[in-house]
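The values are calculated or read from the model by the stated rules, or taken from the named source; none is laboratory data. Bear in mind the structure is a predicted one, so any value in this text is a computation, not a measurement. Using ideal geometry, Cβ is built from the backbone for each residue, glycine included, and neighbour counts are taken over all protein chains shown. In case anyone asks, the SASA skips ligands and DNA or RNA and just uses the protein heavy atoms, side chains included. Shrake-Rupley method; radii C 1.70, N 1.55, O 1.52, S 1.80 Å.
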Amino acid sequence: MDIANKIVEIRKANNITQEELARKLFVTRQAVSRWENGDTMPSIEILQKITGLFKLDTNTSFGVAGTFFCQSCGSHYPTEGFNGSNKNGEASDDYCKYCLVDGSYGKPNETVEEMVEQGLPWRLKSDNNPDGYPDAETAREEMLMFYKTLKRWQ
């Protein structure tokens, strides 16, 4: 199933309109319509927001082969060369190489709130991130909600 159809499926399964989904994602209804029609593709940030909002598995919801969402920092990364490593040295399908090394978290005592603050600058709306959050307060709230859906923070 392609991303456009998956967004329609998720929205309808949750009984919300395009307008309601747009408000939750801080985008226009027209943006949601364009994604659902396959005219444009939502950013990775938007896909993360959707999976966080509806508590979906971030690695399989949109069927993007060869890529993963880190279950600690929420970053989207290609598998080759970026997987973290388990205790036995095998590659982890759940964590990036910065968050999991030899089965241990890179920052084992880090809190979810500290992880949010670390990622905040890259999540705000800018010329390089037009789909980013409009302000830091909103970003913190939404990021915290999303991060709490990731395996490390549950």
The percentage of the accessible area of the chain (probe 1.4 Å, all protein chains present) made up of carbon and sulfur atoms, to the nearest whole number, is 49
If I require 18 Å or longer along the helix axis, counting alpha carbons, and a Kyte-Doolittle average no lower than -0.5, what helices from the chain are left? Use full DSSP H segments. none
Determine the dipole magnitude for segment 77-143: charges of +1 sit on the beta-carbon of Lys and Arg, -1 on that of Asp and Glu, nothing else is charged, the reference point is the Cα centre, and the result goes in debye to the nearest 20. 220
Jot down the radius of gyration and Dmax of the chain, Cα atoms only, both in angstrom. 15.8, 48
Considering only Cα-Cα distances, which of the following residue pairs are longer than 19 Å: LYS24/LYS151; LYS6/LYS125; LYS125/LYS151; LYS24/LYS49; LYS107/LYS151? LYS24/LYS151; LYS6/LYS125; LYS125/LYS151
Residue-normalised value, i.e. accessible area per residue, for segment 73-143 at 1.4 Å probe, in Å², stands at 62
